[in-house]
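S.K.: Quick one: the structure is below, and I'll ask about it shortly.
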Amino acid sequence: QVQLVESGGGLVHPGGSLRLSCAASKNIFSLAVMGWYRQAPGKQRESVAVITSGGSATYAESVKGRFTISRDNAKNTVLLQMNSLKPEDTAVYYCNAKVTLVTYWGQGTPVTVSS
(Lines give C-alpha, C1' and ligand atoms only; values in the text may rest on other atoms or scores of the structure.)
Protein backbone atom coordinates (compact mmCIF):
# COMPACT_ATOMS: atom_id res chain seq x y z
CA GLN A 1 0.00 0.00 0.00
CA VAL A 2 1.28 3.44 -0.94
CA GLN A 3 0.99 6.28 1.53
CA LEU A 4 1.97 9.92 1.36
CA VAL A 5 1.70 11.78 4.65
CA GLU A 6 2.22 15.55 4.71
CA SER A 7 2.99 17.73 7.69
CA GLY A 8 4.21 21.23 8.45
CA GLY A 9 1.39 23.47 7.30
CA GLY A 10 -0.06 26.27 9.39
CA LEU A 11 -0.56 29.99 9.77
CA VAL A 12 2.32 32.36 9.06
CA HIS A 13 2.69 36.10 8.60
CA PRO A 14 3.69 37.54 5.22
CA GLY A 15 7.44 37.30 4.81
CA GLY A 16 7.64 34.29 7.08
CA SER A 17 8.77 30.74 6.41
CA LEU A 18 7.38 27.24 6.66
CA ARG A 19 8.76 23.83 5.85
CA LEU A 20 6.48 21.11 4.56
CA SER A 21 7.41 17.47 4.84
CA CYS A 22 6.03 14.43 3.02
CA ALA A 23 6.82 10.91 4.13
CA ALA A 24 6.36 8.32 1.41
CA SER A 25 6.10 4.56 1.41
CA LYS A 26 9.50 2.99 1.03
CA ASN A 27 8.38 0.77 -1.83
CA ILE A 28 7.89 3.67 -4.25
CA PHE A 29 10.05 6.53 -3.08
CA SER A 30 13.33 5.67 -4.78
CA LEU A 31 11.61 5.38 -8.17
CA ALA A 32 9.20 8.24 -7.91
CA VAL A 33 9.18 11.74 -9.24
CA MET A 34 8.01 13.66 -6.19
CA GLY A 35 6.21 16.95 -6.22
CA TRP A 36 4.28 19.55 -4.29
CA TYR A 37 1.05 20.96 -5.66
CA ARG A 38 -1.34 23.48 -4.19
CA GLN A 39 -4.97 24.42 -4.52
CA ALA A 40 -6.30 27.76 -3.40
CA PRO A 41 -10.03 28.28 -2.75
CA GLY A 42 -11.90 28.56 -6.02
CA LYS A 43 -8.85 27.74 -8.11
CA GLN A 44 -7.46 24.71 -9.87
CA ARG A 45 -4.69 22.63 -8.38
CA GLU A 46 -1.30 23.75 -9.67
CA SER A 47 2.22 22.42 -9.60
CA VAL A 48 4.56 24.20 -7.20
CA ALA A 49 7.77 22.18 -7.40
CA VAL A 50 8.87 18.79 -8.68
CA ILE A 51 12.02 16.78 -8.05
CA THR A 52 13.16 13.69 -9.92
CA SER A 53 14.64 10.59 -8.36
CA GLY A 54 18.05 11.96 -9.37
CA GLY A 55 17.47 15.26 -7.63
CA SER A 56 16.68 17.60 -10.53
CA ALA A 57 14.13 20.21 -9.50
CA THR A 58 11.74 22.48 -11.34
CA TYR A 59 9.59 25.25 -9.93
CA ALA A 60 6.56 27.29 -10.80
CA GLU A 61 7.53 30.80 -11.82
CA SER A 62 5.57 32.25 -8.91
CA VAL A 63 7.75 30.50 -6.31
CA LYS A 64 11.19 30.56 -7.94
CA GLY A 65 13.79 31.98 -5.60
CA ARG A 66 11.52 31.59 -2.57
CA PHE A 67 10.75 27.85 -2.36
CA THR A 68 13.18 24.94 -2.36
CA ILE A 69 12.27 21.30 -2.86
CA SER A 70 14.57 18.54 -1.68
CA ARG A 71 14.44 14.83 -1.03
CA ASP A 72 16.08 12.57 1.50
CA ASN A 73 16.19 9.14 -0.09
CA ALA A 74 17.38 7.50 3.11
CA LYS A 75 14.29 8.73 4.95
CA ASN A 76 11.83 8.46 2.03
CA THR A 77 10.98 12.10 2.60
CA VAL A 78 10.50 15.12 0.36
CA LEU A 79 10.64 18.62 1.80
CA LEU A 80 9.42 21.99 0.63
CA GLN A 81 11.13 24.95 2.27
CA MET A 82 9.00 28.04 1.75
CA ASN A 83 10.52 31.45 2.44
CA SER A 84 9.28 35.00 1.92
CA LEU A 85 5.72 33.75 1.97
CA LYS A 86 3.00 35.91 0.45
CA PRO A 87 -0.77 35.95 1.00
CA GLU A 88 -1.19 34.52 -2.49
CA ASP A 89 0.67 31.39 -1.33
CA THR A 90 -2.33 30.54 0.82
CA ALA A 91 -3.63 27.13 -0.27
CA VAL A 92 -3.85 23.48 0.62
CA TYR A 93 -0.54 21.90 -0.32
CA TYR A 94 -0.48 18.32 -1.59
CA CYS A 95 2.37 15.89 -1.89
CA ASN A 96 2.44 13.94 -5.15
CA ALA A 97 4.34 10.88 -6.32
CA LYS A 98 4.53 9.63 -9.90
CA VAL A 99 5.83 6.14 -10.57
CA THR A 100 5.69 5.23 -14.27
CA LEU A 101 2.01 5.74 -15.15
CA VAL A 102 0.62 5.79 -11.63
CA THR A 103 0.07 8.94 -9.55
CA TYR A 104 -0.43 9.10 -5.80
CA TRP A 105 -1.63 12.00 -3.65
CA GLY A 106 -1.38 12.87 0.00
CA GLN A 107 -4.28 14.22 2.00
CA GLY A 108 -3.04 17.81 1.91
CA THR A 109 -1.84 20.27 4.50
CA PRO A 110 -3.21 23.83 4.70
CA VAL A 111 -0.97 26.87 4.55
CA THR A 112 -2.37 30.28 5.42
CA VAL A 113 -0.32 33.44 4.95
CA SER A 114 -2.00 36.33 6.69
CA SER A 115 -1.25 39.24 8.94
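S.K.: Within segment 82-91, is even one residue surrounded by 15 or more Cβ atoms within 10 Å (Cβ to Cβ) and closer than 11 Å to Trp36 by Cα?
M.R.: No - not one qualifying residue is present in segment 82-91.
Residues checked against (1) modelled with pLDDT under 90; (2) open to solvent by less than 40 Å² (accessible area, probe 1.4 Å); (3) more than 19 Å from Ala91 (Cβ to Cβ):
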| site | (1), (2), (3) |
| --- | --- |
| Glu6 | no, yes, no |
| Gly15 | no, no, no |
| Gly35 | no, yes, no |
| Pro41 | no, no, no |
| Thr52 | no, no, yes |
| Arg66 | no, yes, no |
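S.K.: Report the residue count in segment 91-109 for those that are farther than 14 Å from Arg45 by Cβ and more than 11 Å from the chain's Cα centre (by Cα).
M.R.: 6
S.K.: So which residues in segment 17-33 are at pLDDT 95 or above and of a type in the set (S, T, N, Q), if there are any at all?
M.R.: Result: Ser17, Ser21.
S.K.: Which ones in segment 76-85 are out of contact with any helix residue (DSSP H, G or I) (no Cβ under 9 Å at 6 or more places or on another chain) and closer than 16 Å to Cys95 by Cβ?
M.R.: Once the filter is applied, which keeps residues that are out of contact with any helix residue (DSSP H, G or I) (no Cβ under 9 Å at 6 or more places or on another chain) and closer than 16 Å to Cys95 by Cβ, segment 76-85 yields Leu79, Leu80, Gln81.
S.K.: Which members of segment 67-90 meet the condition of being closer than 17 Å to Val5 by Cα and small (Gly, Ala, Ser)?
M.R.: Ser70, Ala74
S.K.: The conditions are (1) over 17 Å from Gly10 (Cβ atoms); (2) within 11 Å of the chain's Cα centre (by Cα), and Trp36 fails exactly one of them. Which is it?
M.R.: Only one criterion in (1) over 17 Å from Gly10 (Cβ atoms); (2) within 11 Å of the chain's Cα centre (by Cα) is unmet by Trp36, namely (1).
S.K.: Can you tell me which residue among Leu79, Leu11, Leu31 is in contact (Cβ under 8 Å) with a residue 60 or more places away in the chain and surrounded by 14 or more Cβ atoms within 10 Å (Cβ to Cβ)?
M.R.: The conditions single out Leu79.
S.K.: How do the pairs read when you match residues in segment 44-57 that are closer than 17 Å to Cys22 by Cα and touching a residue at least 40 places away in the same chain (Cβ under 8 Å) with residues anywhere that are basic (Lys, Arg) and in a strand (DSSP E or B), using Cβ under 8 Å and keeping only pairs 6 or more apart or on different chains?
M.R.: From segment 44-57, the pairs are Val48/Arg38.
The values are calculated or read from the model by the stated rules, or taken from the named source; none is laboratory data. What you see is a predicted model, and the numbers here were worked out from it, not measured in a lab. Virtual Cβ from ideal backbone geometry, glycine too; neighbours counted across all protein chains shown. For the accessible areas, the whole protein counts, side chains as well, though only heavy atoms, and no ligand, DNA or RNA atoms are used. Shrake-Rupley method; radii C 1.70, N 1.55, O 1.52, S 1.80 Å.
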